[in-house]
Every structure is written in C-alpha cells, then in structure tokens.
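Notes follow once the structure below has been shown.
The values are calculated or read from the model by the stated rules, or taken from the named source; none is laboratory data. Treat the numbers as computed from the prediction; the structure is a model and nothing was measured. Positions of Cβ are generated from backbone atoms using ideal geometry, with glycine treated the same way; all protein chains shown enter the neighbour counts. To get the accessible areas, we keep the full protein, side chains included, count just its heavy atoms, and leave off ligands, DNA and RNA. Shrake-Rupley method; radii C 1.70, N 1.55, O 1.52, S 1.80 Å.
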Amino acid sequence: MSAWVNPAIPLKSERQLLIATHNPGKRKELATLLSDLPLRLIDLLEIGILEVAEEPYGSLEDNARWKATFYAERSGLWTLADDSGLEIDALGGAPGVHSARFAGPNASDEMRIRKVLELMVGIPWPQRTARFRCVIALARPGEPPVLVEGCLEGYIAFEPRGVHGFGYDPIFYIPEFGKTMAELPLEEKNQISHRARAARKASQILKTWMADID
Ligand code: ITT
C-alpha cells in the first residue's frame, strides 16, 4: 500500500512498524496518529501476511497482546496491534470484547448498530452511558508486548447520525461536542478518541525504542 510509505524517510535508514490490523478504519486512523514518528508504517498485505489472528481471549488486553505477538513473530518487525470495543453499561458491558462479531461473523457495521439499538429500546438517556476502549499492544520480536490504553466516555444515541469514522461511531454521542463520533471529521476524532489517547502513549514508547537503537 504505497499510501503508507513516507518518501521523506529513506529506505535504508528507516525503522519499520507493522500496523497489524485488517480493519481499514483503524488503519487509517493509526496512520494519521503515528504520522509524525520517523517510522515507516507497514501494512499486513504489503508484506504478504494474509493470516488473520484469532481473538480467543475474554479481554481487550489479552487479545491485543496475542495479536501483537502473532504478527511480530511472523513479520520479524516491530508490531502494533489494537484491540478495541464499545462497552455499554445498560448491557452489562456488551458488546465489549465481542464488538467486532456482535451481530455474527459476517455482519456489517449497520447490522451491529441495529442490534445495539434494538437491545437499547426503552432505555432512557441517563442510563445510556457507554465508553469506547482501545488497548494497543506494541511488540518487538521475541519480547513480551507492552500495553497502553485509551478510553472515551459517551452515550448511546437513539438513532445513528454522521458519515465519518467506522463501526459504532454513528451511535456514540459525545456530550462535550453535542455530536456523535461519526459527525466528527477524522482530524477531530483523532484529537479525542480512545484510539488517539492510546496512540499518544504508544508514540512515547516507540520513541524510547528508537532511542535504544540510535
Ligand atoms: P483487527 O482485529 O484486524 O484490528 P477488528 O475490526 O476485528 O480488526 P477488533 O477485534 O478490535 O478489531 O474489533 C473492534 C470492533 O469495535 C470494530 O470492528 C468496530 O466495530 C468497533 N470499534 C473499534 N474502534 C472503533 C471506533 O474507533 N469507532 C467505532 N467502532 C469501533
């Protein structure tokens, strides 16, 4: 994916970071969030990794750790994996770690949103609290991954609004903005999102890794 290659970074001297996700929405956000690091961001397809890591665990932390280790071993590269989810208090924290497969393995974002809204029928506004959580795992091959987390609190809207973002963004209402996440353009989402908060912490770690090899 040539869009990932920053021509300002010479091939010989670069450090590479594998962005180990199959989710194009995440990939786009992470590419922007990490764009000021002197790292070449590599896509799974770019290096021919077609395998999809299972997500067998019951927590975002364990799944992120597992994905980062899986892809770091296969690529031999520094690897970033992101496991994220929407936790809705009125649904006991669901869909949570099951956010991607909440409406079945082949469901679309629209189907997942419809399922959430159906389960939330009759739940009044004060009880519609929710949060997006993102756990990023950074792995160097042969070493245990380092984890960082970001979280954003909000409410589940009564109906979808907005065209930006992906996943559950159209029904995640942020009171400080008076908008859903999908009503925020990428630059604004990347100021405040769960992923932005985790990515800022991940950037700090990557800077120390780069200092280690200087
Ligand atoms: P990878 O494992 O390949 O990274 P995935 O989509 O399977 O991709 P997850 O297992 O972490 O990723 O699933 C997270 C799901 O949570 C994702 O599919 C979306 O439905 C939702 N999600 C995560 N981040 C989101 C965001 O920023 N906005 C809206 N929905 C989000």
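Filtering region 167-214 down to residues that are near the ligand (Cβ under 10 Å from one of its atoms) and hydrophobic (A, V, I, L, M, F, W, C), which residue is farthest from the chain's Cα centre (by Cα)?
My answer is 171.
Please work out which one of (1) charged (D, E, K, R); (2) within 17 Å of residue 112 (Cβ to Cβ); (3) in a strand (DSSP E or B) is the condition residue 149 fails and give its number.
With (1) charged (D, E, K, R); (2) within 17 Å of residue 112 (Cβ to Cβ); (3) in a strand (DSSP E or B) applied to residue 149, the lone miss is (2).
Out of all the residues in region 123-134, is one or more over 24 Å from residue 207 (Cα atoms) and within 10 Å of the ligand (Cβ to nearest atom)? Full working, then the answer.
So the first thing to find is which residues in region 123-134 are over 24 Å from residue 207 (Cα atoms), and the list is 123-132.
Those still in the list that are within 10 Å of the ligand (Cβ to nearest atom) too: 132.
Taking every residue of region 123-134 in turn, at least one turns out to be over 24 Å from residue 207 (Cα atoms) and within 10 Å of the ligand (Cβ to nearest atom).
Looking at region 34-77 only, could you name the residues that are part of a loop (DSSP other than H, G, I, E, B) and of a type in the set (A, V, I, L, M)? Lay out the reasoning, then the answer.
We begin by selecting, within region 34-77, every residue part of a loop (DSSP other than H, G, I, E, B); these are 34-38, 44, 48-59, 76-77.
Of everything in region 34-77, those that are part of a loop (DSSP other than H, G, I, E, B) and of a type in the set (A, V, I, L, M) turn out to be 34, 37, 44, 49, 50, 52, 53, 77.
Is it the case that region 90-106 has a residue that's at pLDDT 95 or above, outside any helix (DSSP H, G or I) and open to solvent by 50 Å² or more (accessible area, probe 1.4 Å)?
Yes, region 90-106 contains a residue that is at pLDDT 95 or above, outside any helix (DSSP H, G or I) and open to solvent by 50 Å² or more (accessible area, probe 1.4 Å).
Would you mind stating whether residue 84 is more than 20 Å from residue 207 (Cα to Cα), open to solvent by 20 Å² or more (accessible area, probe 1.4 Å) and touching a Gly at 6+ places or on another chain (Cβ under 9 Å)?
Details: more than 20 Å from residue 207 (Cα to Cα): yes; open to solvent by 20 Å² or more (accessible area, probe 1.4 Å): yes; touching a Gly at 6+ places or on another chain (Cβ under 9 Å): yes.
So residue 84 fits the description; yes.
Of all residues being within 11 Å of the ligand (Cβ to nearest atom) and of a type in the set (S, T, N, Q) in region 31-85, which is farthest from the chain's Cα centre (by Cα)? Just the residue, please.
Looking at residues that are within 11 Å of the ligand (Cβ to nearest atom) and of a type in the set (S, T, N, Q), I get 63.
Return yes when residue 140 is open to solvent by 40 Å² or more (accessible area, probe 1.4 Å), over 18 Å from the mean Cα position of the chain (by Cα), within 30 Å of residue 204 (Cβ to Cβ) and basic (Lys, Arg) and no when it is not.
Yes: the conditions hold for residue 140.
Please verify whether region 123-131 includes one or more residues that are assigned to a strand (DSSP E or B), among the hydroxyl-bearing types (Ser, Thr, Tyr) and open to solvent by less than 30 Å² (accessible area, probe 1.4 Å). Step through it out loud before you land on a result.
First pass over region 123-131, keeping only residues assigned to a strand (DSSP E or B): 129-131.
From the residues that got through so far, the ones that are among the hydroxyl-bearing types (Ser, Thr, Tyr) too are 129.
Among the residues that remain, those that are also open to solvent by less than 30 Å² (accessible area, probe 1.4 Å) are: none.
Scanning region 123-131, I find no residue that is assigned to a strand (DSSP E or B), among the hydroxyl-bearing types (Ser, Thr, Tyr) and open to solvent by less than 30 Å² (accessible area, probe 1.4 Å), so the answer is no.
Residue 156: of a type in the set (A, V, I, L, M, F, W, C), buried (at least 18 other Cβ atoms within 10 Å of the Cβ) and away from the ligand (no atom under 11 Å from the Cβ), yes or no? Quick ask: steps written out before the conclusion?
Values: of a type in the set (A, V, I, L, M, F, W, C): yes; buried (at least 18 other Cβ atoms within 10 Å of the Cβ): yes; away from the ligand (no atom under 11 Å from the Cβ): yes.
It is true that residue 156 is of a type in the set (A, V, I, L, M, F, W, C), buried (at least 18 other Cβ atoms within 10 Å of the Cβ) and away from the ligand (no atom under 11 Å from the Cβ).
Do we have any residue at all in region 19-35 that's open to solvent by less than 10 Å² (accessible area, probe 1.4 Å) and farther than 17 Å from residue 149 by Cα?
No, because not a single residue in region 19-35 is open to solvent by less than 10 Å² (accessible area, probe 1.4 Å) and farther than 17 Å from residue 149 by Cα.
Within region 176-187, how many residues are part of a helix (DSSP H, G or I) and surrounded by fewer than 16 Cβ atoms within 10 Å (Cβ to Cβ)?
2
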